[in-house]
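Read through the structure below, which is laid out as structure tokens, and then see the notes.
The values are calculated or read from the model by the stated rules, or taken from the named source; none is laboratory data. Given the structure is predicted, the values throughout are model-derived calculations rather than measurements. Ideal geometry is used to build each Cβ from the backbone, glycine not excepted, and the neighbour counts take in all protein chains shown.
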């Protein structure tokens, strides 16, 4: 099975290890499981893994420092399992180089979707530097913080976006001045929340316009293209990791 | 110790004032009148007054007083009881009395003498004690005749000369000190004492209350932030024991809270790990309906765990406030729910800037809107602002909450429909957490009835920053 991705699960709870392994194997992955950081690095010496699912709260070395070490050591993408929904843990994990996170208890299908999204993203570009997404995007004074999933207007006021709106804006910011069809947008934004495709892209765009356009009826940022798509017309500057949110 | 010292100081201050008053205020002088002179002057005055017209008598008496260094009054009616001291007790004045009585026989019906001291209206008798006791018997007796040797009549005295018409001429020594001069020393002393004592006690009280104020302030601060506030009771060595007790108490409370937070975090981790495993195992269940029920049950448990931990934890409280777009927040909450096919509507501006804790406020409104849907089936959210405040109304068409149960509804873990049924879900913390958060953000929340009378209207007000550029 040459192309079946090999996933390594690192979690100290036996029930999670066995149940998650069974679930992922049932969805077409090869799975190995370890119980702590030491065993994890040992396993990595013996085999090559395509993705690591790492539990932050394990005995022994702290999950976040393991994450840092993994990032430094190589190019294997990491998805964090966090037990506490503390925002600081999440942010710190992503700033340390994890590719995504999910809070326990999670919907297994959602974890599956994120694993697939990460693998898709990192499949073609194995180098960590290229793989890393920008920590933020700026356009016309607006600031989109990717890690914290926040948007600030030019006055610095936080403007709350729904998950769908955020993912859509993220996609736009990643492809400025490109005309994107509805299908393309659907494909690019799907993967985080299952309900994004429950609302059409048109509805999401009109909601987003209400949030960021000075006049939603006469949009400046998100312009409709007659042939059936949208284009993000602002000049976008990508920010590096570690920039303040 | 300090209290004793302060009291000593106050008492000493008052006593010094008294002493100063004594030293600096001139002593009173005592007048001594000559017997012959008194007889002549009083006879002349009495005759003049009794011969004058009744209307003029008082004025005349006053005039004569000044001339003669006496106080002469004319009284139509005897105003005080007629008690004449026995003759042998007042040897000298008695001779003057007898002299006037015999000289003016015919014009004057009688002459009385009293020895009184004290201001008019407040007088009392003085008695004499002789040494040797038989002194009166050795002195000359009988009316004072012009050829007799003069005798001395010291103040105080009061002669009363009754005229034929029954009215009286009263003669007393001149009062050396005016009323003001008599009262003034007493007044000064009293005032001075009052001032001295107030100054000393105010100063002392302030000195002592300042550390107590600091203590109270520290206690309040600790209660609010739950972070230990070291107490500085400098200048209050007697209260060192309070300082120590206060600091110890803070430490104990903090340790207790830390233990509790740690316990909750541990519980959270364990429960969530357990739920994760269960959730994964549920994937193995083939029966679609059974699986859905299992998953729904687990999600409900997760929500309850979250709510309880939020309530008990500190995270929501310690989040710093930031500028947030209140309208965008409410719109996002409504849209997210609408996407899950819940009937939620929003009306209001697209943008409104406020200063509050972003994640906490989102949580508060999410709770309120969730409650509306849970108990009322639908929710209408509206936002408006006026007078520097934002007003958010969340209305539903459910059973509502009667006014008398409003406060109960806010209590932690209290669910008004008492069954704690899992049908309606929740642990009874939604309103509690929401109110906590809204109040920490300087806002207020109230439950009431919507205009259409059926259902619940939740009104939230939040302050808006002064220069609000939406």
| said: Whether any residue in the range A:34-49 is within 14 Å of chain B (Cβ to nearest Cβ) and either free of Cβ contacts under 8 Å to residues at least 24 places away in the same chain or surrounded by 22 or more Cβ atoms within 10 Å (Cβ to Cβ) (or both) is what I want to check. | reply: no
| the range B:116-130 residues that are closer than 19 Å to residue B:94 by Cα, paired with ones that are modelled with pLDDT of 70 or more and part of a strand (DSSP E or B) (beta carbon under 6 Å, 6 or more apart) | B:116/B:158
| note | In the range B:282-297, residues that are crowded, with 18+ Cβ neighbours inside 10 Å and assigned to a helix (DSSP H, G or I) total 1
| request: Given the conditions (1) assigned to a helix (DSSP H, G or I); (2) at pLDDT 80 or above; (3) within 11 Å of chain A (Cβ to nearest Cβ), report the number of the one that residue B:324 does not fulfil. | output: (1)
| message | Condition check: at negative phi, modelled with pLDDT of 80 or more and facing another protein chain (nearest Cβ under 10 Å). Does residue B:285 satisfy that? | response | no
| request: Please determine, by comparing only the residues of the range A:19-33 that are in contact with a strand residue (DSSP E or B) (Cβ under 6 Å, 6 or more places away or on another chain) and assigned to a helix (DSSP H, G or I), which one is nearest to the other protein chains (Cβ to nearest Cβ). | output: A:20
| note | Among residues of the range B:243-258 being at pLDDT below 85 and under 30 Å from residue A:55 (Cβ atoms), the residue farthest from the chain's Cα centre (by Cα) is B:258
| query | Are there any pairs with C-beta distances below 6 angstrom linking a residue in the range B:253-282 that is more than 10 Å from chain A (Cβ to nearest Cβ) to a residue that is in a helix (DSSP H, G or I), with the two at least 6 apart or on different chains, and if so which? | reply | B:264/B:309; B:264/B:312
| the range A:102-113 - residue that is outside any helix (DSSP H, G or I) and at pLDDT 85 or above and, of those, surrounded by the fewest Cβ atoms within 10 Å (Cβ to Cβ) | A:107
| task | Could you tell me whether any residue of the range B:344-353 is more than 11 Å from chain A (Cβ to nearest Cβ), under 30 Å from residue A:108 (Cβ atoms) and touching a strand residue (DSSP E or B) at 6+ places or on another chain (Cβ under 7 Å)? | result | yes
| said: Suppose we filter the range A:29-61 for residues that are farther than 14 Å from residue A:8 by Cα and over 22 Å from the mean Cα position of the chain (by Cα); how many remain? | reply: 4
| Selection count, the range B:375-396, where residues are touching a strand residue (DSSP E or B) at 6+ places or on another chain (Cβ under 9 Å) and farther than 15 Å from residue B:327 by Cα | 8
| remark: Expected single match for within 14 Å of chain A (Cβ to nearest Cβ) and under 20 Å from residue A:152 (Cβ atoms) among B:305, B:361 is B:361
| Residues in the range A:83-94: is at least one in a loop (DSSP other than H, G, I, E, B), away from chain B (no Cβ under 14 Å) and either farther than 26 Å from residue A:15 by Cα or at pLDDT 85 or above (or both)? | no
| query | In the range A:135-152, which residue that is farther than 12 Å from residue A:170 by Cα and in contact (Cβ under 8 Å) with a residue 40 or more places away in the chain is nearest to the other protein chains (Cβ to nearest Cβ)? | reply | A:148
| field | Single residue of B:214, B:227 found to be at pLDDT below 80 and not in a helix (DSSP H, G or I) | value | B:227
| Can we say residue B:373 is more than 14 Å from chain A (Cβ to nearest Cβ) and in contact (Cβ under 8 Å) with a residue 12 or more places away in the chain? | yes
| request: Scan A:16, A:52, A:9 and give me the residue that is outside any helix (DSSP H, G or I), within 12 Å of chain B (Cβ to nearest Cβ) and buried (at least 20 other Cβ atoms within 10 Å of the Cβ). | output: A:9
| said: Please list, ordered by residue number, the strands (runs of 3 or more DSSP E) wholly in the range B:363-470 having 1 or more residues that are over 27 Å from residue B:341 (Cβ atoms), at pLDDT 85 or above and in contact with a helix residue (DSSP H, G or I) (Cβ under 8 Å, 6 or more places away or on another chain). | reply: B:389-396, B:444-448, B:456-463
| remark: Contact list, first residue from the range B:12-32 and exposed (fewer than 13 other Cβ atoms within 10 Å of the Cβ), second anywhere and modelled with pLDDT under 75, beta-carbon distance below 6 Å, six or more apart or interchain, is B:29/B:176
